[in-house]
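Undergrad: The structure is given below, and queries will be raised subsequently.
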Amino acid sequence: MPEAAFARTEPADQPMLAVEDLHAWYGESHILHGISFHIAPGEVVTLLGRNGAGKTTTLKAIMGMVPRRRGSIRFEGEEMIQTRSDRIARRGLAFCPEERGIFASLSVEENLLLPPAVRPGGLSVEAIFELFPNLKERLRSQGTKLSGGEQQMLAIGRILRTGARLLLLDEPTEGLAPVIVQQIGRTIERLKIEGFTILLVEQNFRFASTVAERHYVVEHGRVIDQFQNRDLPANIAKIQEYLGV
Amino acid sequence: MFELIGIPPQAFFGQLLIGLINGAFYAMLSLGLAVIFGLLNIINFAHGALYMMGAFVAWFLLQYFGLGYWPALILSPIIVGAFGAVIERTLLRRLYHLDHLYGLLLTFGLALMIQGVFRYYFGSSGQPYTIPPLLQGGVHLGFMVLPIYRGWVVAVSLLVCLATWFIIERTRLGATLRAATENRALTQAFGINVPRMITLTYAFGVGLAAFSGVLAAPIFQVSPLMGADLIIIIFAVVVIGGMGSIMGSILTGFALGVVEGLTKVFYPEASNTVIFVVMAIVLLIKPAGLFGRAHA
């Protein structure tokens, strides 16, 4: 396979998601400065970078959740830069926000069933309980009464039902106990086997290296470097410098 | 027993019933306001004017199309609700990112315009609207005579309020509405058409006001200012109950109607102010309202 990096790709080896020269603004502040990257179907790719580098904004811009954006976001070949966020979701993208976005006024079950199915082929509720058995016991609880780890499971679980094939996960391991982080890691492995494509935002690059195939380093709203996961050991010093650890 | 404290039971239960009737209107109108405020973040000052429009549409339907009370009870909320949907699409939509104050000013202006138009054509005097034959007359309950129409108003409004509560708190549709109320952007990013939901929610709240207007038409007269008189009390009810709580609006609405009615029995001089006195006390003790959640 040719390395498609930043070149315009031919339809034959079309990436699932191709972001090119994406800019985004919140009011007067210009957050994304022409970020470009792509993901092939079935890949797990991370955006690494320091706080405030624009990783979360990138995910929100892809989902149409920023007030103003410019550039190109193509999903399965179709341009989405002008598309409204609910229509973006309907094409088969799903977003799991950093703050998890569990609704306090909804029960666990209502949270789980909230996102409508957008395509056939989503996981059944039983399959989600198999991944996250804790949820099954707490269906009637208020969504925000769950522990942090359970809330994260709920936040991931509810987007697996919809049939979306591209998952945008924003720091799914943040603030969680190591045993929960491992469970989330196993879940991502499972999803990879099931053929999901995942764009992962992470600060914890040790976790990222256990699940992802490629990594983009983001700074000041653009990609400044990228690595194959197998090349990580050789570049550890460089990456630590990028991330400021 | 009632004679002992100098109040005949007829008067007591009579006022209790009037209190329940007023409470029914307070409950339905403040419920609509609560649903609208929850999702749209708009304090709908036009609610009273739209309630008045509901009554007038019923009157128009009878005068010009020969359609009586029962069709009006269905058609008027649909017509006024559609009018509300147009208001939302063309005007309110532009205000969501601004402070509450702008929505309040816009809807206050709309209320004045709607009332002005009706006053221009109909003056301040009311148009009579008769009780449908099926609901005329009264039943003897032993201790008092219950006019059937008044009993009907209390029953049907209670039913409508509880059905609304059930839909919002216990169904999938309601869960989507609650989610959008809590976090509009994320709910939309799950693939839910939130803009359409907002339009329909406003239309529903407004339709509920129009429904109340049709129910009110045979009791009060159909007059251009019938909503203006009511809206001030409704806002007091909403403040007492706490903005945005569904069951809170229903309970507070009925309870305050009863409190007002009983005040007429025991201390008539205070009956016009008692709701505002309660409001002042509640604001002092629990500023978010009896059922309201305090915002951080």
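Undergrad: Please list, in order along segment A:42-50, the HN-Hα scalar couplings obtained from phi with the Karplus expression 6.51 cos²θ - 1.76 cosθ + 1.60 (θ = phi - 60°), rounded to whole Hz, x for Gly and Pro.
TA: x, 7, 10, 10, 10, 9, 9, x, 6
Undergrad: Equivalent ellipsoid semi-axes for segment B:26-99, as square roots of 5 times the alpha carbon gyration tensor eigenvalues: give them largest first, rounded to whole Å. Please report the intermediate quantities before stating the final value.
TA: On the way: eigenvalues 144, 36, 15 Å².
Equivalent ellipsoid of segment B:26-99: 27, 13, 9 Å, largest first.
Undergrad: To the nearest 20 Debye, how big is the dipole of chain B about its Cα centre, given +1 on the beta carbon of each Lys and Arg and -1 on that of each Asp and Glu? Show your work: numbers first, answer last.
TA: On the way: 13 positive and 8 negative charges, 148 e Å.
About 720 debye.
Undergrad: Would you work out the charge dipole size for segment A:15-174 about its Cα centre, treating the Cβ of every Lys and Arg as +1 and the Cβ of every Asp and Glu as -1, and quote it to the nearest 20 debye? Let's see the in-between values first.
TA: Details: 20 positive and 19 negative charges, 68 e Å.
It comes to approximately 320 debye.
Undergrad: So how exposed is B:Leu200, as accessible area in Å² (1.4 Å probe, rounded to 10)?
TA: Its accessible surface works out to 110 Å², give or take rounding.
Undergrad: Moving on. Can you tell me the length gained on complete extension of the stretch B:Asn272 to B:Ile219, counting 0.36 nm per residue apart and subtracting the Cα distance?
TA: Difference between extended and current length: 17.2 nm.
Undergrad: Further question on the same structure: Roughly what percent of Cα-Cα pairs across the protein assembly as shown reach past 38 Å?
TA: Values: 61786 of 146070 pairs.
It works out to 42 percent of all Cα pairs.
Undergrad: Follow-up question, since we're still on this one. Find which of A:Gly92, A:Gly71, A:Ile102 sits farthest along the positive direction of the dipole of segment A:57-102, computed with +1 on the beta-carbon of Lys and Arg, -1 on that of Asp and Glu, about the Cα centre.
TA: In segment A:57-102, that residue is A:Gly71.
Undergrad: For A:Thr210 and B:Arg93, what does the FRET efficiency come to when R0 = 41 Å and r is the distance between their Cβ atoms, rounded to the nearest 0.05?
TA: So, using R0 = 41 Å, E works out to roughly 0.35.
Undergrad: Using +1 on the beta carbon of Lys and Arg, -1 on that of Asp and Glu, and nothing else charged, what's the dipole of the protein assembly as shown about the Cα centre, debye to 20?
TA: Computed about the Cα centre, the dipole is about 540 debye.
Undergrad: Here's another thing I want to ask about it. With every protein chain in place, what's the accessible area of B:Lys264 (1.4 Å probe, Å², nearest 10)?
TA: 70 Å²
Undergrad: Semi-axes of the equivalent ellipsoid for segment A:1-134, please: Cα gyration tensor eigenvalues, times 5, square-rooted, ordered largest first, whole Å.
TA: Whole-Å semi-axes of the equivalent ellipsoid: 27, 20, 14.
Undergrad: Also, quick follow-up: If you build the Cα gyration tensor of chain B and take the root of 5 times each eigenvalue, what three semi-axes come out, in whole angstrom, biggest first?
TA: Value: 31, 24, 18 Å, ordered largest first.
Undergrad: Next question. Enter the accessible area of B:Asp99 (Å², nearest 10), with the probe set to 1.4 Å and all protein chains included.
TA: Number for this one is 90 Å².
Undergrad: Please compute, for peptide B:166-173, the average count of beta-carbon atoms on other protein chains lying within 10 Å of each residue's beta-carbon.
TA: Details: counts 0, 0, 1, 1, 1, 1, 4, 0.
Average per residue, whole number: 1.
Undergrad: Going by amide H atoms built from the backbone, whose H comes under 5 Å of the H on A:Ile31, apart from near neighbours?
TA: Long-range HN contacts for A:Ile31: A:Ala24, A:Trp25, A:Tyr26.
Undergrad: Over every pair of different alpha-carbon atoms in segment A:40-79, take the mean of 1/r and invert it; report that Kirkwood radius in Å.
TA: Across segment A:40-79, the inverse of the average 1/r is 11.8 Å.
Undergrad: So, one more: Starting from the amide H of B:Phe45, placed 1.01 Å from N in the peptide plane, find each other amide H under 5 Å away whose residue is 5 or more places distant or on another chain.
TA: B:Thr107, B:Phe108
Undergrad: What is the spread of the Cα atoms of segment B:186-238 along each of their three principal axes, largest first, in whole Å?
TA: Dimensions of segment B:186-238 along the principal axes of its Cα atoms: 47, 23, 15 Å.
Undergrad: Viscosity 1.002 mPa s, temperature 20 °C: give me the Stokes-Einstein translational D for segment A:56-163 in µm²/s, with Rh taken as the Kirkwood radius over C-alpha pairs.
TA: Value of D from the Cα-based Kirkwood radius: 145 µm²/s.
Undergrad: Identify which of B:Gln127, B:Gln15, B:Gln63 has the largest mean-square fluctuation in a Gaussian network model of chain B, with springs joining Cα atoms closer than 10 Å.
TA: Fluctuation is largest for B:Gln63.
Undergrad: On each of the three principal axes of the Cα atoms of segment B:226-282, give max minus min coordinate, whole Å, ordered largest first.
TA: Result for segment B:226-282: principal-axis Cα extents of 32, 22, 18 Å.
Undergrad: Among B:Tyr96, B:Val265, A:His30, which residue has its Cα furthest toward the positive end of the charge dipole of the protein assembly as shown, with +1 on Lys/Arg Cβ and -1 on Asp/Glu Cβ?
TA: Value computed over the given set: B:Val265.
Undergrad: How far is helix B:274-285 tilted off the main Cα axis of chain B, in degrees rounded to 10, range 0 to 90?
TA: For helix B:274-285, the angle is close to 50 degrees.
Undergrad: Something else now. Grab the DSSP H runs of chain B that are 4 residues or longer, score each as -39,500 (n - 2.57), total them, divide by all residues and round the 222 nm result to the nearest 500 deg cm²/dmol.
TA: -24000 deg cm²/dmol
Undergrad: Convert each backbone phi in segment B:54-65 into a coupling constant with the Karplus relation 6.51 cos²θ - 1.76 cosθ + 1.60 (shift: θ = phi - 60°), then list the ³J(HN,Hα) values in order as whole Hz, x for Gly and Pro.
TA: x, 5, 5, 4, 4, 5, 4, 4, 6, 5, 9, 10
Undergrad: In units of 2.2 N^0.38 Å, what is the alpha-carbon radius of gyration of segment B:1-135?
TA: Working: Rg = 18.8 Å, N = 135, 2.2 N^0.38 = 14.2 Å.
In units of the globular-protein estimate, segment B:1-135 measures up at 1.33.
Undergrad: Still on this structure, please answer the following. Take each complete run of DSSP H in chain A, measure how far its Cα atoms stretch along the helix's own axis, and keep only those covering 20 Å or more with mean Kyte-Doolittle hydropathy at least 0.0; list them. Write down the numbers at each step before the final one.
TA: Working: long enough: A:178-193 (23 Å, 0.26).
The answer, listed by residue number, is A:178-193.
Undergrad: Rg/Rh for chain A: what does it come to with C-alpha atoms and Rh from Kirkwood?
TA: Numbers: Rg = 17.4 Å, Rh = 18.3 Å.
Dividing the radius of gyration by the Kirkwood radius yields 0.95.
Undergrad: Return the single residue from B:Gly257, B:Gly205, B:Gly137 with maximal mean-square fluctuation; model: Gaussian network over chain B, springs between Cα atoms under 10 Å.
TA: Highest fluctuation among the options: B:Gly137.
Undergrad: Same structure, new question: Carbon and sulfur atoms: what percent of the 1.4 Å accessible area of segment B:24-285 do they account for?
TA: 71 percent
Undergrad: Could you tell me the distance between the Cα centroids of segment A:62-80 and segment B:87-105, to the nearest Å?
TA: 27 Å
Undergrad: Next question, about the same structure. Give the lysines whose C-alpha is closer than 29 Å to that of A:Lys238, dropping any in the same chain fewer than 8 places away, or say none.
TA: Partners within reach: A:Lys55, A:Lys60, A:Lys192.
Undergrad: Nearest 10 degrees, 0 to 90: what angle lies between the long axis of helix B:148-170 and the longest principal axis of chain B (Cα atoms)?
TA: The angle comes out at about 30 degrees.
Undergrad: Extending each Cα 7 Å along its Cβ direction at A:Arg50 and B:Ser125, get the distance between those two points in nm, one decimal.
TA: 7.9 nm
Undergrad: Once amide H atoms are built 1.01 Å from N in the peptide plane, which residues 5 or more positions from A:Arg214, or in another chain, come under 5 Å H to H?
TA: When sequence neighbours closer than 5 places are left aside, the close amide H contacts are A:Val44, A:Thr46, A:Asn229.
The values are calculated or read from the model by the stated rules, or taken from the named source; none is laboratory data. Since the model is a prediction, treat every value here as computed from it, not as a measurement. In this analysis, Cβ positions are derived from the backbone assuming ideal geometry, glycine residues included, and neighbour counts consider all displayed protein chains. For accessibility, only protein heavy atoms count, side chains too; no ligands or nucleic acids. Shrake-Rupley method; radii C 1.70, N 1.55, O 1.52, S 1.80 Å.
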